[in-house]
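First up is the structure itself, then whatever we jot down about it.
The values are calculated or read from the model by the stated rules, or taken from the named source; none is laboratory data. Every value quoted in this text rests on a predicted model; they were computed, and no experiment measured them. Backbone-built Cβ (ideal geometry, glycine too); neighbour counts: all protein chains shown. Just the protein is used for accessible areas: all its heavy atoms, side chains included, with ligands, DNA and RNA removed. Shrake-Rupley method; radii C 1.70, N 1.55, O 1.52, S 1.80 Å.
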Amino acid sequence: MASALDAANLGVLLEEQGRPDEARTWYLKGYGTDDAYGAFTLRRAAQGEG
């Protein structure tokens, strides 16, 4: 299992490549480990900001 930081970094990379659905998967993995950045990005996406 990737660490929360690994998951966040991969999510950012995927987002930058225009792959938001795949990025969301990794943010969810980070969120599942209580990662604050994962929670932030999921909230941002839910509000249509990202």
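Descriptive notes on the structure:
- 3J(HN,Hα) from dihedral phi, the stretch 17-31, Karplus parametrisation 6.51/-1.76/1.60, rounded to Hz, x for glycine, proline: 8, x, 10, x, 5, 5, 4, 4, 4, 6, 5, 5, 5, x, 4
- For the chain, the set of GluC sites (Glu not before Pro) satisfying both a DSSP loop assignment and a count of at most 10 other C-beta atoms within 10 Å is given as 49.
- Under the simplified labelling scheme, the residue 28-residue 45 pair shows an inter-label distance of 0.8 nm, with each label point 7 Å from Cα along Cα→Cβ.
- Heavy-atom accessible area order for 14, 5, largest first, 1.4 Å probe: 5, 14
- Candidate values [x] 58; [y] 76; [z] 114, label of the one derived for volume of the Cα convex hull per residue in Å³: [x]
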